[in-house]
Each structure stands twice: as structure tokens, then as C-alpha cells.
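The values are calculated or read from the model by the stated rules, or taken from the named source; none is laboratory data. If you're wondering where the values come from, they're calculated on a predicted model, not measured in any experiment. Here the Cβ positions follow ideal geometry from the backbone for every residue, glycine too, while neighbour counts run over all protein chains shown.
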Amino acid sequence: MIARMVLALGLLLPLQVWASPSSPVHWADLTGPQLQVAIEQGYTQVILPTAGIEHNGPDLPLDKHKHIVSKAAEELATRLGKTLVAPVIEFVPEGDISTRSGHMGLTGTISARPETFEALLRDTIESLLAHGITSVIMIGDSAGNQVGQARVAKALQARHPDVQILHCGFYYNNPWQAQWLARRRLSSPGAFDHAGFADQAEYAFVSKTGPTPIQALGAGLLEIKVQAAMYDLNRRGLKGRSTIDRLRDNR
């Protein structure tokens, strides 16, 4: 089950008492000196989550994806070990702004052109590398993020062959969530539609709102996303606190 979010560091503690925390460490929560100590102690891997700001109907906030992917990034970082969580990138492709295509046709959506999104990813990753990060893993909680992330990962990996830059697409595009619901006789048409049942359950879990059974289903769905990401990363040689048996049990 997804671990509860805990403050990674007591920011008032002196730097010399830095110890490897068991809970996720957010890049933006640290002071500059604390971050330098963390990197020197081996925190050279970063999860870079992307989300989206979009119309989600009457039951979900516009920044639904931020809350879900942030929780997933925290859990993934904890399982990988010595991994930092970068600030969530929320401005992503949501449709053409001038013609109001895609989600831009619905009130509240904020879109970025694909080239703008990719430039933001490139600049963010280049900034991370400049500070000594040697591994960046992108996870995106929205369909429109996947192509740009994959393209940026490929381009920057070619430019920086001595570091590791990955787009973990299996986090978002995996069949296990649907299979998990089907095994529980909860699968239905539209369950994975935009702002559908799956989104509502995941948000209920991370926000601790709504009926307890729905929160429990959301916890299971989000756990599968994290396990899918771990499975993808394991196949690429990254290891963490995850087992094939555990993955198999939850497919």
C-alpha cells in the first residue's frame, strides 16, 4: 500500500545530522546547503513528475493529476532509495489554445504547446544535471505528456551518454489496473475515461476524501501504477524494494 507522506527532513536540524530518510525527499523542500549534502551522500537520482491542469467535471479539481502523480513519485522514490522528487511540472499539452481543441474546449484548462512542454522538460533536466544529478526518471499522469517525455529522454540521453535519462511510460500505459478491477468485478465501460471512476478513486485516496471503500480502491489503483513503474525500471537495470512475486500478485 502507498506509504503515508511524511516530512522528509526536519528543516531546523543542523546539516551534520543529515541521515538517509525512509520517507521521500522533495527537491524544493530543501535548502541549498541541505541539497548539496544530500547529493554528496548519494542522492543523485531524481523522479521528475508531470501532471496537467484541466477541466475534470464537477467532482474533481483542475489539478487532480498533480496530487496523484506527486503521491506516486514519493512512493517510487522511497522504493528506489536515495532518490529525490523534483517539483511537479503542471503545464503540459492539453489541446490547441487558439482552436480550443482537446481539453482546451473545457473551462479551466491551461495548455502548453508541445514544443514549450519539451523545452521546459529539457531545461529542468539540464538544471538537475548541472547540480550533480546522474539519473532522471520522468513519469507523467496524463496521456498528452507521454510523447514529449519520450522524445526529450531520447534526445538528452544522446547528448549526455554518461548519465541516465528515462521516460517511464509503463507507469501510465499499463494493462494491470484494468485487469485488477476486472478480477474484482468492478470493471465497467468508461472506468478509465478522463475524470472517470479510476481518476476519482485515485484522487479520493490521495486527498483522503470520499467514502472509505472508494479510497481503498484508489489506493490499489495507484499502487499498481507504482508497481508498473518499478517493473519497467527493473527491466532497464534499476533495482529497488520491489519483487517480481509482488508484481505478479497485483497484475
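Out of all the residues in the stretch 91-104, is one or more hydrophobic (A, V, I, L, M, F, W, C) and crowded, with 22+ Cβ neighbours inside 10 Å? Taking every residue of the stretch 91-104 in turn, at least one turns out to be hydrophobic (A, V, I, L, M, F, W, C) and crowded, with 22+ Cβ neighbours inside 10 Å. Of the residues making up the stretch 167-183, those that are small (Gly, Ala, Ser) and touching a residue at least 12 places away in the same chain (Cβ under 8 Å) number 2.
Candidates 44, 31: the one that is crowded, with 17+ Cβ neighbours inside 10 Å and either β-branched (Val, Ile, Thr) or without any contact (Cβ under 8 Å) to a residue 60 or more places away in the chain (or both) is 44.
Checking each residue in the stretch 55-67 for being touching a Phe, Trp or Tyr at 6+ places or on another chain (Cβ under 7 Å) and either closer than 14 Å to residue 197 by Cβ or polar (S, T, N, Q) (or both) picks out 60, 64.
Going by the structure shown, is residue 86 touching a Lys or Arg at 6+ places or on another chain (Cβ under 6 Å), at pLDDT 95 or above and aliphatic (A, V, I, L, M)? Spelling it out, it is not the case that residue 86 is touching a Lys or Arg at 6+ places or on another chain (Cβ under 6 Å), at pLDDT 95 or above and aliphatic (A, V, I, L, M).
For the stretch 125-165, a residue qualifies if it is charged (D, E, K, R) and over 21 Å from residue 237 (Cα atoms), and the qualifying residues are 126, 141. Only one entry of 8, 3, 73, 19 meets the criterion of being among the small types (Gly, Ala, Ser), modelled with pLDDT of 95 or more and either surrounded by 21 or more Cβ atoms within 10 Å (Cβ to Cβ) or part of a loop (DSSP other than H, G, I, E, B) (or both), and that entry is 73.
All conditions but one from (1) in a loop (DSSP other than H, G, I, E, B); (2) crowded, with 19+ Cβ neighbours inside 10 Å apply to residue 202; the one that does not is (1). Any chance you could count how many residues in the stretch 123-171 are crowded, with 17+ Cβ neighbours inside 10 Å and either of a type in the set (Asp, Glu) or within 19 Å of residue 51 (Cβ to Cβ) (or both)? Residues meeting the conditions: 23. The residues of the stretch 136-153 that are in a helix (DSSP H, G or I) and touching a helix residue (DSSP H, G or I) at 6+ places or on another chain (Cβ under 7 Å), listed by number, are 146, 148, 149, 150, 151, 152.
Within the stretch 76-103, the set of residues being in a helix (DSSP H, G or I) and more than 22 Å from residue 40 (Cβ to Cβ) comprises 76, 79, 102, 103.
If you filter the stretch 206-239 down to residues that are over 18 Å from residue 172 (Cβ atoms) and of a type in the set (D, E, K, R), you find that the one that is modelled with the highest pLDDT is 208.
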